[in-house]
1. State, to one decimal in nm, how far the label point of Glu404 lies from the label point of Arg492, with both points 7 Å from Cα in the Cβ direction.
2. For His591 and Glu239 in one chain, what is 0.36 nm times their gap in residues minus the Cα-Cα distance, to one decimal in nm?
3. Can I get the semi-axes of the range 381-469's equivalent ellipsoid? Compute them from the C-alpha gyration tensor as square roots of 5 times the eigenvalues, in angstrom, largest first.
4. If I stretch the segment between Phe483 and Glu572 completely, what's the gain in nm (0.36 nm per residue apart, minus their alpha carbon distance), one decimal?
5. Take each of the peptides 200-209, 455-464, 436-445, average the number of other beta-carbon atoms within 10 Å over its residues, and list them starting from the highest.
6. Quick check: pseudo-label points 7 Å beyond the Cα along Cα→Cβ at Ser519 and Gln368, how many nm apart are they?
7. Can you divide the C-alpha Rg of the range 417-569 by 2.2 N^0.38 Å and report the result to two decimal places?
8. Starting from the coordinates of the alpha-carbon atoms of the range 150-268, obtain the Kirkwood hydrodynamic radius over all distinct pairs and give the value in Å to one decimal.
Amino acid sequence: MLVSAAQPAKPALDGAAARWVEQTLRKMSLDEKAGQLLVPSLDATFTSTGSDTFKQLGHLVRDLKVGGMHVFGTSEPFPALLLNPTYGNGGSSRKGDPYAAAALLNRLQKLADVPLLTTADFEGGVGYIMNGATRLPRAMAIAATRDTELAYRAGRVSAEEGRALGVAVDFYPIVDVNNNARNPIINVRSFGEDVALVSDMARAYIRGVHDGGMTATAKHFPGHGDTATDTHLGLAVIEHPRARLDQVELPPFRAAIDAGVGAVMSSHIALPALDAGMVPGAAQPLRSPATLSRPILTGLLRDEMKFQGVIYTDSMSMLAISENVPPDRAAALAVIAGADQVLHSPDNDAAFRGIKAAVAAGDLSEAQITRSVERVLIAKARMGLHLAREIDLGAIDAKLSTLEHLRVAAEAGARALTLIKDDRNQLPLAIPQSGSLLYLSVIDYASGWREGAPSRAMLPELKRRWPNVTAVELSDRATADQFELVRALARRADAVVASVFVRIASYSGRMDLSPGQVSLLEGLATGNKPFVTVLFGNPYTATFLQKLPTILVTYEEYDGIESAAARALAGETPIGGKLPISLPGMFPIGHGLNRPAR
């Protein structure tokens, strides 16, 4: 059995902070305590005081007295009946505005009797969800550098920029061990497949987040890496015995706890080896996911592994929970299981009523609620929220995308690039500046490009180096005529560069190219003409493109990583990344060819 030492003692709260926690807790009613267990969400977009959206947020803060607020980017609604279905079904996510987010949080903090403990998913830095902030590579790219100091610096950059917006808790790092090549949702968000590497990188990243002034979160307990199910879409089940969980899934969480991580987020995954029970009151027979499991959250995480910080649920709006358990019952079961904060319920008023009803029915004691609220208040005091809850809007522009932060992001992206194949020794590209280049932007599907259109940085960067570029985009909807046109263009080009974009996205469940796209690439790669493939996003895409001669893996898909890849193709920067995962049937963990700058 895996047993963690008690979590390292954090510096004790000073006298004033400890008194604030004690006095605040003592005067709270049961209703106020129940409200502190809820964390609704908001979008980082301008919100008028007179709008229905702000009135609802005000209700949650003033009437329910919620304990926190989670910050998303924003979304663009689309009608369900569009002539062009590639725009998406119902809506498309977009990045938010940092000033709008900070101003809205300030306004809500003023309304709150107790300061709000605000949270966000800064998985690729604040720039992952906010325009104008520093976009960092996510965990797998950082792990490809094998540099824990760089992981520390990335965590610190995220924290410094997040705190500048008034966010106190970063829902990162993901410490899941991604050992399933068909995992459609963890994938590049994880530090990889090697337990020791994931643990080392997590410790460093957590230290950086804490030194930057935020609370880090280890997720998704007790491990989301070995599943082929996106829990945004349905409940995942991991059937491994406890001995295997002790060897693979749990050690990175133990490392995070030993590093003093302030929060842990649960997963919507059933693990029968830890809890073989069923969810009471579910719409249909449902194995108990970790989020609703007292043996997992209290028995394992709290009692056995000695975690003393705040336990968050993953989003309760994800379909693994919301399609199976009504929001009032789901919130009550999560708190009974041991969660301190119920995140992003589809109905926060119902969640509030459900928690109170569980107390009235004797299923949940007020004493347990009080212990959870105390942990939440301590977390707020550690962030200094009892002293100052609002942030200076005028200081934001000096704290986001600083030169130093951008240097960290650029270094991480460049050093992550991993050359896994170069059978013809074609990197760097040796064609002259006057040569003709065919550029293919091969995308998984046309909708949902939250961070901008694919190739919008790669194409102009290539044209700067080789002005004679012909570019074609090929989605999964490309026709046979379009494929034939590309073949004709390739015959006239001196070299072909194919950027392949396969994303890891919530609610997608997709992680492949179409058979036609694969067949086209394989056909173009025959012969001796330089043919280079750059994989953006899912690195496991390489496993169904094994016939291609040269493959460069980036682990990401945003402007900065596209620019880094273009520089590497031209030989302006060295290539030295190492795989943090194995590619089944191809290469082991740690593989990667080295290329010096030319």
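1. My value for the distance between the label points is 5.2 nm.
2. Details: separation 352, 0.36 × 352 = 126.72 nm, distance 2.96 nm.
Contour length minus Cα-Cα distance gives 123.8 nm.
3. Numbers: eigenvalues 335, 58, 48 Å².
Here the semi-axes work out to 41, 17, 16 Å.
4. My answer for the length gained is 28.8 nm.
5. Output ranking for 200-209, 455-464, 436-445: 200-209, 436-445, 455-464.
6. The answer from the label model is 5.7 nm.
7. 0.95
8. 14.2 Å
Every number in this text was worked out from the coordinates using simple rules, so none of it is lab data. Given the structure is predicted, the values throughout are model-derived calculations rather than measurements. Ideal geometry is used to build each Cβ from the backbone, glycine not excepted, and the neighbour counts take in all protein chains shown.
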